[in-house]
Structure formats: C-alpha cells, structure tokens
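Below is one structure, written out as structure tokens; the observations come after it.
The values are calculated or read from the model by the stated rules, or taken from the named source; none is laboratory data. Keep in mind that what you see is a predicted model, and the values were worked out from it rather than measured. Cβ sites come from the backbone with ideal geometry, for glycine too, and all protein chains shown count toward neighbours.
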Amino acid sequence: MKITITVNRQPFQMDLADNKTAAAFAGLLPLELDMQDVNGNEKFYLLTDSLPQDPRPCRQITAGSLLLYQTNELTFFYDETASSFKFSEIGSVNDIKGFSQAMSGRAVTVSFEENDK
C-alpha cells in the first residue's frame, strides 16, 4: 500500500511494509501527528493504542524509515543511523530528497493519508 505523508506542506510518498504492524497502522489513517525530535536524527510519537509488533534488530537504519519501537512508539528516522534496538517495520519514504530538511527542528507536524485507490 502506498500512502502520502506531508511534512510542513511538503508531500512525500511512502510504501507500507507487508506485515501486521503496517496493516494496523494503515487502519489508523488519516492521521496528523505532532512529532518530537530525538537524537537529531528521528522524530517520535507515542500512540494511544498499541499496534501488533514483530521486532527485529535494525543495525543500520536508513533515512525515511517509519518504525515501531515496542508497542506504541512511532519512530520516523530522517537521517541514517546505526542502532542496537529492535523495531517493527511500518514503511519507508520512496524519494528522500528534501525529507531530512523538512523533518529537521525540534518538532514537526506530520500527516499520513492513504493514496486514492
């Protein structure tokens, strides 16, 4: 499934993973989230409800990766980073040109919506 994310009025296309975590996330759409910065390379948002998970080690995380940490922490990486944590994959941005710049700063509002069918 493809979705559109918008950060500061700049749209990006994302492919959702083919798993139960991504399917549950898609069921929440449309969403508009105020995401906070962590470590200067990711934004996070604590979901009210837990999503199903299938955590796997992610030694190298690429920019544009949308991941679930534990059961309800939505984590959106805007810069590449090494990691020793386990995440459940939700999806990834197709073309990250301008993505890091759009996501930079202390907090951003990110909207997620399903593409027209």
Assess whether Ser111 counts as being on the phi < 0 side of the Ramachandran plot and not in a loop (DSSP other than H, G, I, E, B). yes
Within segment 88-117, of all residues that are in contact with a helix residue (DSSP H, G or I) (Cβ under 9 Å, 6 or more places away or on another chain) and buried (at least 18 other Cβ atoms within 10 Å of the Cβ), the one farthest from Phe25 (Cα to Cα) is Val108
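Pull up segment 81-95, narrow it to residues that are touching a residue at least 40 places away in the same chain (Cβ under 8 Å) and not in a strand (DSSP E or B), then point me to the one that is farthest from Arg56 (Cα to Cα). Show your work before the answer.
Step one: filter segment 81-95 for residues touching a residue at least 40 places away in the same chain (Cβ under 8 Å), giving 81, 88-95.
After this cut, where a residue has to be not in a strand (DSSP E or B) as well, the list is 94-95.
Details: Asn94: 21, Asp95: 24 Å.
Ranking the qualifying residues of segment 81-95, first place goes to Asp95.
Could you identify the single residue in Asp54, Asp34 that is more than 17 Å from Glu113 (Cβ to Cβ) and either in contact with a Phe, Trp or Tyr (Cβ under 9 Å, 6 or more places away or on another chain) or not small (Gly, Ala, Ser) (or both)?
Unique residue meeting the criteria: Asp54.
Before we move on, is Thr48 within 24 Å of Ala82 (Cα to Cα) and among the β-branched types (Val, Ile, Thr)?
Criteria not met by Thr48.
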Only one of (1) of a type in the set (Val, Ile, Thr); (2) outside any strand (DSSP E or B); (3) under 12 Å from the mean Cα position of the chain (by Cα) does not apply to Thr75, and that is (2)
Requested in this report: Please verify whether segment 54-62 includes one or more residues that are closer than 17 Å to Ser92 by Cα, touching a helix residue (DSSP H, G or I) at 6+ places or on another chain (Cβ under 8 Å) and either at pLDDT 95 or above or in a loop (DSSP other than H, G, I, E, B) (or both).
Outcome: yes
Ser50: passes all of (1) under 17 Å from Val108 (Cα atoms); (2) surrounded by fewer than 14 Cβ atoms within 10 Å (Cβ to Cβ); (3) of a type outside the set (Val, Ile, Thr) but (1)
Notebook entry, point to check: Residue check: is Ile61 touching a Gly at 6+ places or on another chain (Cβ under 9 Å), among the β-branched types (Val, Ile, Thr) and in contact (Cβ under 8 Å) with a residue 12 or more places away in the chain?
Noted result: no
- Task: Output yes when any residue across segment 92-99 is more than 14 Å from the chain's Cα centre (by Cα), of a type in the set (Gly, Ala, Ser) and under 20 Å from Thr6 (Cα atoms), and no when none is.
- Result: yes
